[in-house]
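As structure tokens, the structure follows; a few thoughts come after it.
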2 protein chains.
Amino acid sequence: MSEVMVTIDDVLRAERRIAGHAVCTPLLSAPMLDQVLGAEVFVKAETLQLTGVFKLRGALNKVMSLSPEALRRGVVAYSSGNHGIGVAAAAKMAGTRAVIVLPTTAAATKVESCRWWGAEIVTYDPAHQRREDVAEPYMDQGLTLVPPFDDPEIVAGQATAGLEICRQLLARGVRPDVVVIPCSGGGLSAGVVLAMRHFFPDLDCVLAEPAGYNKMGRSLAAGSRQMNAEEARTLLDALIGRIPGEITYSILARHGVRAVEVSDDDALAAMALAFRTLRLVIEPSGAAGLAALNSAQVAVRGKRAVVLASGGNVDPSVFARALAL
Amino acid sequence: MSEVMVTIDDVLRAERRIAGHAVCTPLLSAPMLDQVLGAEVFVKAETLQLTGVFKLRGALNKVMSLSPEALRRGVVAYSSGNHGIGVAAAAKMAGTRAVIVLPTTAAATKVESCRWWGAEIVTYDPAHQRREDVAEPYMDQGLTLVPPFDDPEIVAGQATAGLEICRQLLARGVRPDVVVIPCSGGGLSAGVVLAMRHFFPDLDCVLAEPAGYNKMGRSLAAGSRQMNAEEARTLLDALIGRIPGEITYSILARHGVRAVEVSDDDALAAMALAFRTLRLVIEPSGAAGLAALNSAQVAVRGKRAVVLASGGNVDPSVFARALAL
């Protein structure tokens, strides 16, 4: 496996690039949450990021790291979810063209969001076409493909969330014991681990995955990349990618990161807890970290724990299910 | 009417006093919200304040402005709502005693919150007792009464939210055209108007009140303080105080502030809009400002508008009603 390095200098450079475009999101705490969990808990509210999810960070860093010529030609991405929206928004902020390739089965609200940010939408029938084939003519035109996670600039961009957490903790004189991060392809996880271990070398780093779709946990345990089943039945629909990234997996493996699994009910309970104690709207996938604490999968009693609330784009009917608990 | 002055110096002093205890809440914006409203909108998320509402600011400033001897003896407050929680939290942070006088009809969650912050709870039967009589023995013991709004230190404390808004706008180079503030007794309104007019003398300042319970609007129109009806039927249950404060009214009248009325449905629609575009949990009263924009009571097309989202302590069943819209 080729080793692509991402360093703290890459993260610092990413932070300067995206400054003034991405939001420096607050690191929130709540005494009642601390009491419920028996720990000092800090929640990084990426739900308040523009587009409602951390994805903008990596997309912005990637787009803004392009050569002037490549930037002028534009970018292409395929994603039925938040990555497409992030790329669309990043391209708009950078003043260039974005083509988003979406399956005909994509949720209408996601399509609408991409379009809203000014992206061109190209749809394909997932039963009969490969998205790569649909994207190819655009890449032939010179548009740069923005991958969802397995790219050094994407990882460095997502890592800026971790860098901000470090600054916010240091400003309060707090040294954390553990960080818990929702994980799918591993872009956010690898980035945050990279940034936070730089400042806190002994930090316990834990990934939270959907129960039964723990590809990264199984990969880290096996020592090589493992796949998820094709069909996914989980409310944590942003965490069901089939295979970990090569770059992201290698960063997480090198840092000795471990992983836990959370159920739909764990996620809904965490969403209700966040509503009640933090007044935050978190989507099921984004609540995986808090769910890992609240379901005691990660023991934090008496500790200082950081949790990434990675996104807040949730359907009202799903949020209502959490409220009804 | 006696004229009690509150100056920008009082506000700056309050900001220094409460720093490190109250949260400097983010000023959020969202392109989709801007598009819906046809304006550049900035939302001050006091929903993310500790205790979930701006009230902590004034209570903290009042408690921390007491003489060492008065501070040692403690404070007393009567409030069935957020003010009691704010005073309980402020006393805890200042390391002193708080007695909160609550009607037997107070919501269990509010009572629980006051108790959680370490306050002593004293209940009374509102049908047969006056809360002033219940509080009196504690005041005789030397505890200081912390009024909910009509007090210079309370106004200066709430004004810190306005001061933060000014700093946050100036950091982005933005000069606002209008600010809309949920209003009941007028503590937050008077404070924010005071602070923001200092930096932006031409700012249009608008209060948002529950439809039919617009005591401050009627007072400002009549030139003297007017009362609300006793029985209140509105979802905006934090804005139903019977009479404007003397100090707060005089500040608002002097600054030529105007007021609009919002309905329950306006508030619910604004809560749904904030959920969708900002991923914020806002309570009906806290959403009154955004509701005034969204229902076109305040015309903001093409303008730069600031809105206070003053609180987020909402019952899940009420929030579910907004989600179902």
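Please treat every number below as a calculation from the coordinates, not as lab data. The model shown is predicted, which means the values in this text are computed figures rather than measured ones. Cβ placement follows ideal geometry from the backbone for every residue including glycine, while neighbour counts extend to all protein chains displayed.
Key figures for this structure:
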quantity: Paired Rg and Dmax values of the protein assembly as shown, which use every Cα atom, in angstrom; calculated: 25.4, 83
quantity: Signed unit charges on C-beta, dipole axis of the stretch A:195-322, positive-most listed residue A:282, A:269, A:251; calculated: A:251
quantity: Cα-centre dipole for the stretch B:167-209 with unit charges at Cβ (Lys and Arg positive, Asp and Glu negative), debye to 20; calculated: 260
quantity: Count of Lys pairs (Cα-Cα under 19 Å; at least 8 positions apart or interchain) in the protein assembly as shown; calculated: 13
quantity: Counted charge near residue B:52, where neighbours are those whose Cβ lies closer than 11 Å (Asp, Glu -1; Lys, Arg +1); calculated: +1
quantity: Formal net charge of residues neighbouring residue B:6 (Cβ-Cβ distance under 10 Å; K, R +1; D, E -1); calculated: -4
quantity: At 7 Å out from Cα toward Cβ: residue A:142 inter-copy label distances (nm, ascending); calculated: 8.1
quantity: Teacher prompt: residue A:212 distances to equivalent labels in other copies, 7 Å Cα→Cβ, nm; calculated: 4.9
quantity: Semi-axis lengths (Å, descending) of the ellipsoid that matches the C-alpha gyration tensor of the stretch B:56-145; calculated: 20, 15, 9
quantity: The stretch A:201-322 shape via C-alpha gyration tensor axes, a/c threshold 1.5; calculated: oblate
quantity: Lys/Arg +1, Asp/Glu -1 at C-beta; the protein assembly as shown dipole; positive extreme among B:207, A:11, B:219; calculated: A:11
quantity: Leading residue at positive end of dipole, the stretch B:56-145 (Cβ point charges), from B:65, B:84, B:139; calculated: B:65
quantity: Simple Cβ-charge dipole of the stretch B:56-145, Lys/Arg +1 and Asp/Glu -1, about Cα centre, in debye nearest 20; calculated: 360
quantity: Length-normalised contact order of the stretch B:1-88 in % [C-alpha pairs under 8 Å, at least 6 apart]; calculated: 25
quantity: Computed magnitude of the charge dipole of the protein assembly as shown (debye, nearest 20; Cβ of K, R +1, Cβ of D, E -1); calculated: 960
quantity: Two-site label geometry, residue B:73 and residue A:246: point separation in nm, points 7 Å out along Cα→Cβ; calculated: 7.5
quantity: In order through the stretch B:257-271: 3J(HN,Hα) via Karplus (6.51 cos²θ - 1.76 cosθ + 1.60), integer Hz, x for Gly, Pro; calculated: 7, 10, 9, 10, 10, 10, 8, 4, 5, 4, 5, 5, 5, 5, 4
quantity: Förster radius 41 Å - calculated FRET efficiency between residue B:324 and residue B:105 (Cβ-Cβ, nearest 0.05); calculated: 0.90
quantity: Over chain A, relative contact order from alpha-carbon pairs under 8 Å, at least 6 apart, %; calculated: 21
quantity: Given 16 as the ceiling on other Cβ atoms within 10 Å, longest exposed-site-free region of chain B for trypsin sites (Lys or Arg not before Pro) in DSSP loops; calculated: B:1-129
quantity: Relative contact order computed over the stretch A:56-145 (Cα-Cα under 8 Å; 6+ residues apart), in percent; calculated: 31
quantity: Alpha carbon centroid spacing (whole Å) that separates the stretch A:263-325 from the stretch A:136-190; calculated: 20
quantity: Ascending list, in nanometres, of distances separating the residue B:229 label from those of the other copies (7 Å, Cα toward Cβ); calculated: 5.9
quantity: Cα-only radius of gyration and Dmax that characterise chain B, units Å; calculated: 18.5, 56
quantity: Rough spin-label spacing in nm, given labels placed 7 Å along Cα→Cβ, for residue B:132 and residue A:120; calculated: 7.3
